[in-house]
């Protein structure tokens, strides 16, 4: 059975202006690589619905959700923080990005697909309970994970995040909640300059120094993530799939390659097979060097499939 691939044309409508790295061309680069690799034809394609208010407030304060709706412009740009803005298409893009992850949960839980990848933007893991930041409006992965717990009654949900930036919004969400395990790697020191303080046992952060490559990344996963995941025995695994740690990506200074993303995906897939009936939902976070992004997503999808 092939995996699900969930996206929406609405996600291309979010545009924060010329020169901004989080741009619509990111999804085009992924699509081009899927076609050239032949992978596009073995995926099950689904259109993402918009997330509902009920789903958004599983993670975000209701006043914050109202503020995003109220500030969505009919024309021009609205600046939310120094690197996050909204244009007329941004609200629809953000709603469909979050809705894609919820839809992926529904399809995986129904047995329609064993796992799914959401090719969406804007990304989500920096969005906090009541704050947009770091290109993110709603925390897509946290919303999907919360939906899995609330709607399906799963008792143990794991989130793994290998974006080059620390997912401060996701950490904020899981910090005081039972039933979640978060394992996260990121360059440090680096934006948003968080993730290294005192942490509860169900948050496993593995900061990597600038210049670290596949060897350091794999060691951190093997020595710190895997023991925690094996002990936790998740019933579903979510992946914040950021590919901005690639050596070609000028956003940061890690030196990962496509084979490193394939390796960590294989590790997660095998663990999900042991504990979660293979259930994985992955969603795009960062990745701004277009060629490297497309190739890395193909490697990630082949890992989810097990080719």
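The values are calculated or read from the model by the stated rules, or taken from the named source; none is laboratory data. Quick caveat, the model's predicted, so the values are computed rather than measured. With ideal geometry, Cβ positions are generated from the backbone for all residues, glycine too; neighbour counts draw on all protein chains shown.
Here are a few things to note about the model shown:
- For the residues 71, 53, the requirement of being out of contact with any helix residue (DSSP H, G or I) (no Cβ under 6 Å at 6 or more places or on another chain), without any contact (Cβ under 8 Å) to a residue 40 or more places away in the chain, within 19 Å of residue 144 (Cα to Cα) and surrounded by fewer than 24 Cβ atoms within 10 Å (Cβ to Cβ) singles out 53.
- Looking only at region 178-193, and only at residues there that are closer than 24 Å to residue 149 by Cα and more than 18 Å from the chain's Cα centre (by Cα), the one that is surrounded by the most Cβ atoms within 10 Å (Cβ to Cβ): 179
- Checked against (1) closer than 16 Å to residue 118 by Cα; (2) modelled with pLDDT of 95 or more, residue 70 passes all but a single condition, namely (1).
- Total residues in region 114-128, condition over 22 Å from residue 265 (Cα atoms) and assigned to a strand (DSSP E or B): 1
- Filtering region 90-99 for residues that are modelled with pLDDT of 95 or more and surrounded by fewer than 19 Cβ atoms within 10 Å (Cβ to Cβ) leaves a non-empty set.
- Residue in region 146-160 that is farthest from the chain's Cα centre (by Cα), counting only those that are over 24 Å from residue 50 (Cβ atoms) and surrounded by 24 or more Cβ atoms within 10 Å (Cβ to Cβ): 158
- Residue list for region 137-178, filter: closer than 29 Å to residue 250 by Cα, in a loop (DSSP other than H, G, I, E, B) and touching a strand residue (DSSP E or B) at 6+ places or on another chain (Cβ under 9 Å): 137, 139, 162, 163, 164, 165, 166, 167
Every residue, every condition in (1) in contact (Cβ under 8 Å) with a residue 40 or more places away in the chain; (2) over 28 Å from residue 307 (Cα atoms), yes or no:
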site	(1), (2)
190	yes, yes
202	no, yes
220	no, no
223	no, no
239	yes, no
259	yes, no
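- Verdict on residue 123 being at pLDDT 95 or above, over 18 Å from residue 182 (Cβ atoms) and out of contact with any helix residue (DSSP H, G or I) (no Cβ under 6 Å at 6 or more places or on another chain): no
- Subset of region 126-145 [surrounded by fewer than 24 Cβ atoms within 10 Å (Cβ to Cβ), under 20 Å from residue 162 (Cα atoms) and either out of contact with any helix residue (DSSP H, G or I) (no Cβ under 7 Å at 6 or more places or on another chain) or at pLDDT below 95 (or both)]: 133
- Filtering 196, 170 for residues that are under 26 Å from residue 247 (Cβ atoms) and in contact with a helix residue (DSSP H, G or I) (Cβ under 6 Å, 6 or more places away or on another chain) leaves a single hit, 170.
- Residues of region 1-22 that turn out to be modelled with pLDDT of 95 or more and in contact with a helix residue (DSSP H, G or I) (Cβ under 9 Å, 6 or more places away or on another chain), as a count: 14
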